[in-house]
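Enquirer: Handing you this structure, nothing more for now.
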Amino acid sequence: MKKINPILQIAKETILLESTAIANLANLLDDNFENAVNFILNANGRVIITGIGKSANIATKIVATFNSTGTPAIFMHAADAIHGDLGNVQENDVVICLSKSGNTPEIKVLVPLIKNYGNKIIAITGNVDSYLGKNADYPLNTFVEKEACTNNLAPTTSTTAQLVMGDALAMCLQNLRGFSSKDFAKYHPGGALGKRLYLRVSDLIANNQVPKVNSSDTIANVIVEISEKRLGVTAVLENDILVGIITDGDIRRMLSKTTDINHFTAKDIMGQNPKTISENAMAVEALDKLENNSITQILVINDKNKYVGVVHLHDLIKEGIF
């Protein structure tokens, strides 16, 4: 019998325990969730998300998710709130309060202060019968039967449930706001993610050379053009109209058959109907075309169907798109 690896066994039990608890959250959703989403959607202020301990850590992540999906949010630590940071809460703000027990001392102090200001409270709590649950305008139930911790003490399953409930709120709001990938790009301009959302083919070819030959040019001229422009390819034109493409692979295949190239022209060895992409297309579209056609370069055309350059796979790799 195969010996059970205790480390893998604990890991599997943790994952299964938490996944079961998360799946059960769907059964805990009620009208309070829908009402909370609609209230945030129609609020004129920001969303203030607060908590203490591990719930505070989860609150910061939910804040980040809200901000990146079109719902302005800020984090306020529950302990700091009752020592001055409560000034962060403005008249039209919505407060989301995270607490597993809903009965921590800081929460019991904070909740009445927020309500005295006239702000609505959305509770994400594992105990809707707690002080927080009973005093919130919209209590959202994140009850879990057990933590993944062996001693049922360290917040594990419960904090995962809080995070998922926050994601559910954010995704509903994103959807209702019609928050598109273009909107997403405005908030994520840096890194590979941002580039996938806003970088266009025209940006990729801006610094590339533009290899091209006439259909009547000699093979020697073709070889020189491909070598000098260093993109492994050249476009073939007739009267400034794109008619074909020649890659360094075409050259190698020709030379494997004959070394007598003097009587050949570009038109004799070019590939017809070359794959092209618009300079206005997104960079990710260029990547899709390269992958779908198993090629490493694609010719670029402008709005007037004129050849303007080449996108190479290396351009996409350099920008972190690939």
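Enquirer: D for the chain, whole µm²/s, Stokes-Einstein with Kirkwood Rh over alpha-carbon pairs at 10 °C and 1.306 mPa s: what number?
Expert: Values: Rh = 24.3 Å.
This corresponds to a translational diffusion coefficient of 65 µm²/s.
Enquirer: Could I ask something else about it? Is the shape of the stretch 237-307 rounded, prolate or oblate, going by the alpha carbon gyration tensor and its root eigenvalues a ≥ b ≥ c, with a/c under 1.5 for rounded and a/b larger than b/c for prolate? List each step's numbers first, then the result.
Expert: Working: a/c = 4.15, a/b = 1.63, b/c = 2.55.
Since a/c reaches 1.5 but b/c is at least a/b, the shape of the stretch 237-307 is classed as oblate.
Enquirer: Count charges around Ala206 for me, please; just the other residues with Cβ under 11 Å from its Cβ, Lys/Arg as +1, Asp/Glu as -1. Don't skip to the end; give the middle numbers.
Expert: Working: positive: Arg200; negative: Asp203, Glu279, Asp315.
Value of the local net charge: -2.
Enquirer: Report, in debye and to the nearest 20, how large the dipole of the chain comes out about its Cα centre when Lys and Arg carry +1 and Asp and Glu carry -1 on their Cβ.
Expert: Numbers: 30 positive and 33 negative charges, 94 e Å.
I would put it at about 460 debye.
Enquirer: OK, next. In terms of the Cα gyration tensor, with a ≥ b ≥ c the square roots of its eigenvalues, is the stretch 82-187 rounded because a/c is under 1.5, prolate because a/b exceeds b/c, or oblate? Could the numbers behind the result be given before it?
Expert: Details: a/c = 2.07, a/b = 1.13, b/c = 1.82.
Cα axes put the stretch 82-187 in the oblate bin.
Enquirer: Same structure again: Could you sort 133-145, 206-218 so that the peptide with the highest average Cβ count within 10 Å comes first and the rest follow in order? Can you show the working numbers first?
Expert: Working: 133-145: 20.3, 206-218: 16.0.
Ranking, from highest mean packing down: 133-145, 206-218.
Enquirer: Another one. Just order 118-124, 6-12, 313-319 by mean Cβ neighbour count inside 10 Å, highest at the front, would you?
Expert: Values: 118-124: 21.9, 6-12: 9.9, 313-319: 16.0.
The most tightly packed comes first, giving 118-124, 313-319, 6-12.
Enquirer: A further question follows. Quick one: grab the alpha carbon gyration tensor of the stretch 1-136, order the square roots of its eigenvalues as a ≥ b ≥ c, and give me rounded if a/c is under 1.5, else prolate or oblate depending on whether a/b is larger than b/c. Don't skip to the answer; put the middle values down first.
Expert: Numbers: a/c = 2.11, a/b = 1.91, b/c = 1.10.
It is prolate, given that a/c is not under 1.5 and a/b is the larger ratio.
Enquirer: Step through the table entries Lys100/Lys120; Lys229/Lys275; Lys54/Lys146; Lys61/Lys146, compare each Cα-Cα distance with 21 Å, and write down the pairs that go over it.
Expert: Details: Lys100/Lys120 19 Å; Lys229/Lys275 19 Å; Lys54/Lys146 16 Å; Lys61/Lys146 23 Å.
Pairs exceeding 21 Å: Lys61/Lys146.
Enquirer: Determine the calculated [θ] at 222 nm for the chain from helices alone, applying -39500 (n - 2.57) to every DSSP H run no shorter than 4 residues and normalising by the residue count; nearest 500 deg cm²/dmol.
Expert: Numbers: 15 runs with 153 residues, N = 322.
Value at 222 nm, helices only, nearest 500: -14000 deg cm²/dmol.
Enquirer: With a sphere of radius 12 Å drawn around the Cβ of Asn127, what net charge do the other residues whose Cβ falls strictly inside it have (Lys, Arg +1; Asp, Glu -1)? Kindly include the intermediate steps, with their values, before the conclusion.
Expert: Numbers: positive: Lys100, Lys134; negative: Asp129.
Counting the neighbours of Asn127, the net charge comes to +1.
Enquirer: While we're on this one: Label-point separation (nm) for Glu145 and Leu28, each offset 7 Å from Cα along Cα-to-Cβ?
Expert: Between Glu145 and Leu28, the simple spin-label model gives 1.3 nm.
Taken together, the values in this text are just the output of simple stated rules run on the coordinates, not laboratory data. Computed from a predicted model, the values in this text were never measured in an experiment. Don't worry about glycine lacking a Cβ; one is built from the backbone with ideal geometry, like all the others, and counts go over all protein chains shown.
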